[in-house]
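The block underneath contains the structure these notes are about, expressed in structure tokens.
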């Protein structure tokens with residue numbers, strides 16, 4: 001399982017490095033993301049877990065104390081080029097490893113937008129969610145979102161991935177690879193249900209977790225306050 005996990009992470013990192021080199025264009029914020037950033041105040045400390053090319057910062061004129069972390073050195077390079085500046089820090093690191101969290105401090109807002117669903121095991125998912133909670137200031141907010149991968153439009157991909165799904169049961173039942181747009185690239189996902197993510201967040205230390213669907217039920221999200 002360890003070798004298999006490392007292989008998947010390395011493969012996913014390579015995909016995102018390729019996306020950074022060839023496909024990293026500005027992407028619009030999801031409606032819920034717009035609502036989230038509308039609640040930020042100048043000077044707030046923000047941690048963007050799995051920040052990619054710095055999507056969260058586009059069009060944001062507030063002066064934030066921002067830290068973005070991502071395992072793709074190419075996407076971090078793009079983020080620094082587009083959004084670098086005073087009080088903006090970008091870190092290349094693997095969020096499921098302890099080292100990247102050391103010395104980060106506490107934040108007013110911590111976001112993981114379409115990130116946790118890329119982690120292959122419950123152990124890693126819990127680790128990241130607990131670290132996020134531990135790095136929140138009192139009164140801080142944590143924002144988590146992920147794709148709804150049990151929609152009808154993805155069922156064909158689930159069927160194509162039967163070998164992968166049967167490879168490391170029971171956990172691998174939720175594994176699936178989804179093509180990236182009209183390319184030959186595929187990205188690995190853990191297709192957890194809404195109930196799965198709610199229970200996981202509760203196990204990470206949150207109470208009364210209730211997720212919501214985004215527009216068209218394409219994704220799921222929740223905002224939690226410490």
**Some residue of the stretch 74-89 being crowded, with 19+ Cβ neighbours inside 10 Å and under 13 Å from the mean Cα position of the chain (by Cα)** = no
**Complete:** Inside the stretch 35-59, the number of residues satisfying the requirement of being in a strand (DSSP E or B) and free of Cβ contacts under 8 Å to residues at least 12 places away in the same chain is 0
**Prompt:** For the stretch 169-185, does any single residue satisfy the condition of being in contact with a strand residue (DSSP E or B) (Cβ under 7 Å, 6 or more places away or on another chain), modelled with pLDDT under 95 and loosely packed, with under 15 Cβ neighbours inside 10 Å?
**Reply:** yes
**Prompt:** Out of all the residues in the stretch 190-200, is one or more in contact with a helix residue (DSSP H, G or I) (Cβ under 7 Å, 6 or more places away or on another chain), closer than 23 Å to residue 108 by Cα and at pLDDT 95 or above?
**Reply:** yes
**Message:** I'd like to check which strands (runs of 3 or more DSSP E) are fully inside the stretch 60-131 and have at least 1 residues that are under 25 Å from residue 221 (Cα atoms) and out of contact with any helix residue (DSSP H, G or I) (no Cβ under 7 Å at 6 or more places or on another chain).
**Reply:** 65-70, 107-113
**Single residue of 102, 41, 45 found to be more than 16 Å from the chain's Cα centre (by Cα) and surrounded by 15 or more Cβ atoms within 10 Å (Cβ to Cβ)** = 45
**Request:** Considering only residues that are without any contact (Cβ under 8 Å) to a residue 60 or more places away in the chain, in a loop (DSSP other than H, G, I, E, B) and in contact with a strand residue (DSSP E or B) (Cβ under 8 Å, 6 or more places away or on another chain), look in the stretch 141-168 and name the one that is farthest from residue 40 (Cα to Cα).
**Result:** 161
**Prompt:** If you scan the stretch 18-34, which residues turn out to be touching a helix residue (DSSP H, G or I) at 6+ places or on another chain (Cβ under 6 Å), crowded, with 17+ Cβ neighbours inside 10 Å and assigned to a helix (DSSP H, G or I)?
**Reply:** 20
**Message:** Consider the stretch 44-63. How many of its residues are over 23 Å from residue 15 (Cα atoms) and at pLDDT below 95?
**Reply:** 5
**Asked** Which condition does residue 178 not pass, out of (1) in a loop (DSSP other than H, G, I, E, B); (2) more than 30 Å from residue 106 (Cα to Cα); (3) in contact with a helix residue (DSSP H, G or I) (Cβ under 7 Å, 6 or more places away or on another chain), if it passes all the others?
**Response** (1)
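The values are calculated or read from the model by the stated rules, or taken from the named source; none is laboratory data. Keep in mind the model is a prediction, meaning the values are calculated, not measured. Don't worry about glycine lacking a Cβ; one is built from the backbone with ideal geometry, like all the others, and counts go over all protein chains shown.
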